[in-house]
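Enquirer: Quick one: the structure is below, questions incoming.
Every read-out reported here was derived from the displayed coordinates using simple, explicitly stated rules and does not represent laboratory data. Computed from a prediction, not measured in an experiment: that's the story for all the values here. Because the Cβ atoms are built from the backbone with ideal geometry, glycine has one as well, and the counts that use them run over all protein chains shown.
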Amino acid sequence: MTDDRPRRDRIVEAGLAVLDQDGPLGLSQPRVARSAGLSQSHLTYYFPTRADLIEAIAEAAATRLLAGYDMVLRKVDSPDRLAEAFGALLRRTDATRVLLLLIAEADREPAIRDLIRRLTPQVRARIARGLEAAGIAPDSEAVAMLHALNIGLSTLHLARADEDAARETVACVKRALSALAQSQPRSRRMRTKPPTGTET
């Protein structure tokens, strides 16, 4: 019995390369097959539908993205360092292209929608860890807000692809983190405020 893993991996790597070069609209089975040096019938043997191929490409890209989060978050010890870390991740256009592909395909393919549902908690867990390392309590609303901000900023950065967009990305994340950090002591004081003696 032969091991199909090397050929499947080669197809996924070719898909990632096509996606990075041609964007979500350029990702097609014939292009990926050509890039992998295979016939389209060989590709469809391993990935019968476009959705199967996209799911495999997205899972490989997500594994790399999550590893990227883990690597940069090791150095986080303040809100400024967290903003710089997020800025570095958001400038990764390969991850943004995968995200746009998933969003476009989720409307048609339930399997892709399920993949997004599975990946979202993993990304948010990394965001929560980053907030904690920066000294900001990672409540679910703060994590969801930063996740949405990251998606929006990474998409804008890909569309603009210039140094102004890169600087704006980091500045926006710093502003959001600063607002979160400033709001937290006030909320803690409200929770721990001693009774005033007027309670009945």
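Enquirer: Scanning the chain for helices, which whole DSSP H stretches are 20 Å or more long along the axis (Cα) and average -0.5 or more by Kyte-Doolittle?
Expert: 50-73, 110-133, 140-160
Enquirer: Now for a different question. Using Cα-Cα distances under 8 Å and only pairs 6 or more residues apart, what relative contact order does segment 42-158 have, in percent?
Expert: 34 percent
Enquirer: While we're on this one: Given the convex hull over the Cα atoms of the chain, what projected area results after averaging over all orientations, in nm²?
Expert: If you wrap the Cα atoms of the chain in a convex hull and average its projections, you get 15.8 nm².
Enquirer: At a threshold of 8 angstrom on Cα-Cα distance, excluding pairs fewer than six apart, so keeping six or more, what relative contact order does the chain reach in percent?
Expert: So the answer I get is 21 percent.
Enquirer: So, one more: Can you give the net charge of the other residues whose Cβ lies under 11 Å from the Cβ of Ala95, counting K and R as +1 and D and E as -1?
Expert: Overall, the nearby charge balance is +2.
Enquirer: Ok, one more. Treating each Cα of segment 1-48 as an identical point scatterer and ignoring solvent, apply the Debye formula and state log10 I(q)/I(0) at q = 0.22, 0.29 Å⁻¹.
Expert: Debye intensities relative to I(0), on a log10 scale: -0.69, -1.07.
Enquirer: Something else: Considering only Val98, Val123, Ile57, whose Cα is most displaced toward the positive end of the charge dipole of the chain, charges sitting on Cβ of Lys, Arg (+1) and Asp, Glu (-1)?
Expert: Val123
Enquirer: Let me ask something additional. Whole Å is fine, so just give me how far the alpha carbon centre of segment 11-46 lies from that of segment 121-164.
Expert: Using only Cα atoms, the two centres lie 30 Å from each other.
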